[in-house]
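*Asks:* Supplied in structure tokens, the structure appears directly below.
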Amino acid sequence: MKKCIIIGSGLGGLSCGHILARNGYEVTVLEQETQAGGCLQSFVRKGAKFETGMHFIGSAEEGQTLYPLLRYLELENLPLSRLDTTGYDVISMPQGRFAFANGHEAFVETLAAHFPKERDGLHRYLNLVERLAQASPINGHRPTPEQMHLKTEYQMRAVDEVINGFTNDALLRNVLVGNLPLYAGERGQTPFSTHAFITNFYNQSAFRLAGGSDIIAKRLIEGIARRGGRVLTRKRVEHITCNNSKATGVTTADGEHFEADLVIAAIHPTLVMHMLNDTNLIRPAFRQRMLNLPNTKGVFTVYIKFKPQAMPYRNHNLYGYAADTPWQCEQYTADNWPCGFLYVHLSDALAADEQPPNTHQQWATCGEIMSYMRYEEVERWANTRIMHRGETYEDFKRDRAERLIDAVERHAPGLRQAIDCYFTSTPLTYEQYTSTLQGSMYGVAKDVRLGSACHVPSRTRIPNLFFAGQNVNSHGMLGTLVGTLLTCGEVLGEKLKL
């Protein structure tokens, strides 16, 4: 059996490990932290369980985009709790509240109730979104030349430019990008293709993972183990060893060496370049490009435990904005932060006799609020240890938490009085636990102005070293798994069949 070493145990690393183990590789996944899973991790505080990254997923029903890959990864029976089909996302702005409904017709008609003159533009917008989604390899087929041309075109056109072509209504333009936090979109920079793939993903169907997304990591690890593989924690890779033609293995911080016929780095490409400092197999220009990739902004999160039966369960995601636009919330000042937020409730674990995805939860046990935070705000504590950053750091977090709770209270009255206790995290927390540079939410940022300069290929010039994870294609469950297909497709060729 060929030995495959995978660096990083997030969704990208574990899904690559599962697929390669199914195809005859002896897989070892190395994780530097004590818990595997990356942003699939969950954690418990005072009896409440919180998510670190995977708050909801889409297109998970049979016949939809994600389902064939879920089945291949033995994840088709996840405990899913369906979000409200009449409004899985709700956009709240000073001008009102606007819901995104599942399905093409429902999506259009729900928004057309507010914008009756824009029905035709909404149909044309969603038609383009659906056409672009068909160009993804996750659909189980090779995109046609026409689909690839369409995808390439909209990878080079910004979200705002394209949406402006469908409607002259300024408010509708802002509503359609109301879910910007899902991809950290920036005006004039983020490709429309990114927006389209995410919009289509959730428009088909939207679910929370009842009981926590760590079940995905657990099942993928079990699948790897059943096929003779292993996932090792507290194994921080410091060096990828190479001879004069290929990678031969990796060495961890504790001095252990793992030989490999194949190395997959499911971590940020900049970190990989540091692991390859003594090889000349990487061209200097490529190395510099990987070292200078642009990254998405970081996030500040408040994790809330509610008092018993004090907060009715919200079966949708709430995006709230202080001004009349979702754009440029990342360009906040010290005085106007937060400009926007994403507020979600988490779904409790299903009882043994419940049948997902039709579970109805009456009361929320816990919820989370997220808002942009630039790394520079917390950089002064970068060289401190977690849980030992000092009282000024704790004061900073308390101030930001109270301001964020106040912001949500204006859109969702009753929040504060329902809170039992809360906890917080900053970009430093994400940098510590997921090794994403400067705690960026989604790793490498796509920017139409930079073109291929921000593209991370799955294949490197070292013939048996590959990239995987959210940086190869895009972030989130869909984007990361598309990246997995691209990487494993390079390794397995036509042997990879869903």
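*Asks:* Would you say Gln417 is in contact (Cβ under 8 Å) with a residue 60 or more places away in the chain and out of contact with any Ser or Thr (no Cβ under 9 Å at 6 or more places or on another chain)? Give the steps one after another, and end with the answer.
*Replies:* Working: in contact (Cβ under 8 Å) with a residue 60 or more places away in the chain: yes; out of contact with any Ser or Thr (no Cβ under 9 Å at 6 or more places or on another chain): yes.
The answer is yes for Gln417.
*Asks:* Take the residues in the stretch 127-155 that are exposed (fewer than 13 other Cβ atoms within 10 Å of the Cβ) and outside any helix (DSSP H, G or I), then tell me which one is modelled with the lowest pLDDT.
*Replies:* Per the criteria, the residue is His141.
*Asks:* Within the group Leu428, Leu450, Leu481, Leu465, which residue is more than 27 Å from Phe43 (Cα to Cα) and out of contact with any strand residue (DSSP E or B) (no Cβ under 8 Å at 6 or more places or on another chain)? Don't jump to the end; show me each part of the working.
*Replies:* Numbers: Leu428 fails: more than 27 Å from Phe43 (Cα to Cα); Leu481 fails: more than 27 Å from Phe43 (Cα to Cα); Leu465 fails: out of contact with any strand residue (DSSP E or B) (no Cβ under 8 Å at 6 or more places or on another chain).
Only one candidate passes the filter, namely Leu450.
*Asks:* Here's a follow-up. Does at least one position in the stretch 446-461 carry a residue that is over 26 Å from the mean Cα position of the chain (by Cα), modelled with pLDDT under 95 and either more than 21 Å from Leu180 (Cβ to Cβ) or not in a loop (DSSP other than H, G, I, E, B) (or both)? Let's see the steps before the verdict.
*Replies:* Initial filter on the stretch 446-461 (over 26 Å from the mean Cα position of the chain (by Cα)): 461.
Retained after the next criterion (residues that are modelled with pLDDT under 95): 461.
Then drop every residue that is not either more than 21 Å from Leu180 (Cβ to Cβ) or not in a loop (DSSP other than H, G, I, E, B) (or both), which leaves 461.
Yes - at least one qualifying residue is present in the stretch 446-461.
*Asks:* Filter the stretch 336-395 for residues that are at pLDDT below 90 and assigned to a strand (DSSP E or B) and give the result.
*Replies:* Residues satisfying the conditions are Arg385, His388.
*Asks:* Hey, another quick one. Just to be sure, is Arg380 among the charged types (D, E, K, R), without any contact (Cβ under 8 Å) to a residue 60 or more places away in the chain and surrounded by fewer than 17 Cβ atoms within 10 Å (Cβ to Cβ)? If you could, list the steps in order and put the result at the bottom.
*Replies:* On the way: among the charged types (D, E, K, R): yes; without any contact (Cβ under 8 Å) to a residue 60 or more places away in the chain: yes; surrounded by fewer than 17 Cβ atoms within 10 Å (Cβ to Cβ): yes.
Spelling it out, Arg380 is indeed among the charged types (D, E, K, R), without any contact (Cβ under 8 Å) to a residue 60 or more places away in the chain and surrounded by fewer than 17 Cβ atoms within 10 Å (Cβ to Cβ).
*Asks:* Got a sec? Which of Ala265, Ala247, Ala217, Ala225 is assigned by TED's automatic domain parsing to the domain that holds Asn464, under 30 Å from His316 (Cβ atoms) and small (Gly, Ala, Ser)? It would help to see each step written out before you state the result.
*Replies:* On the way: Ala265 fails: under 30 Å from His316 (Cβ atoms); Ala247 fails: under 30 Å from His316 (Cβ atoms); Ala225 fails: under 30 Å from His316 (Cβ atoms).
Being assigned by TED's automatic domain parsing to the domain that holds Asn464, under 30 Å from His316 (Cβ atoms) and small (Gly, Ala, Ser) holds for just one of Ala265, Ala247, Ala217, Ala225, which is Ala217.
*Asks:* Looking only at the stretch 58-83, count how many residues are in a loop (DSSP other than H, G, I, E, B) and either surrounded by 18 or more Cβ atoms within 10 Å (Cβ to Cβ) or among the polar types (S, T, N, Q) (or both).
*Replies:* Filtering the stretch 58-83 for residues in a loop (DSSP other than H, G, I, E, B) gives 59-66, 73-79, 83.
Pick out the ones that are also either surrounded by 18 or more Cβ atoms within 10 Å (Cβ to Cβ) or among the polar types (S, T, N, Q) (or both) and you get 59-60, 64-66, 73, 75, 77-79, 83.
Matching residues across the stretch 58-83 total 11.
*Asks:* Quick one: count up the residues across the stretch 316-331 that are out of contact with any Ser or Thr (no Cβ under 8 Å at 6 or more places or on another chain) and touching a residue at least 12 places away in the same chain (Cβ under 8 Å).
*Replies:* Keep residues of the stretch 316-331 that are out of contact with any Ser or Thr (no Cβ under 8 Å at 6 or more places or on another chain), which gives 316-317, 322-328, 330-331.
Next cut, touching a residue at least 12 places away in the same chain (Cβ under 8 Å) only: 316-317, 322-328, 330.
Residues meeting the conditions: 10.
*Asks:* Which members of the stretch 44-57 meet the condition of being surrounded by fewer than 18 Cβ atoms within 10 Å (Cβ to Cβ) and assigned to a strand (DSSP E or B)? Steps first, please.
*Replies:* We begin by selecting, within the stretch 44-57, every residue surrounded by fewer than 18 Cβ atoms within 10 Å (Cβ to Cβ); these are 44-47.
Those that are surrounded by fewer than 18 Cβ atoms within 10 Å (Cβ to Cβ) and assigned to a strand (DSSP E or B): Val44, Arg45.
*Asks:* Would it be correct to say that Ile264 is among the β-branched types (Val, Ile, Thr), under 27 Å from Lys446 (Cα atoms) and modelled with pLDDT under 95? Break it down into steps so the answer makes sense when it comes.
*Replies:* Working: among the β-branched types (Val, Ile, Thr): yes; under 27 Å from Lys446 (Cα atoms): yes; modelled with pLDDT under 95: no.
No; evaluated as a whole, the condition is false for this residue.
*Asks:* From the residues in the stretch 462-498 that are of a type in the set (Gly, Ala, Ser), within 16 Å of His18 (Cα to Cα) and under 17 Å from the mean Cα position of the chain (by Cα), which one is surrounded by the most Cβ atoms within 10 Å (Cβ to Cβ)?
*Replies:* Per the criteria, the residue is Gly469.
The values are calculated or read from the model by the stated rules, or taken from the named source; none is laboratory data. None of the values given here were measured: they were computed from a predicted structure. Every residue, glycine as well, gets a Cβ built from its backbone with ideal geometry; the counts of neighbours run over all protein chains shown.
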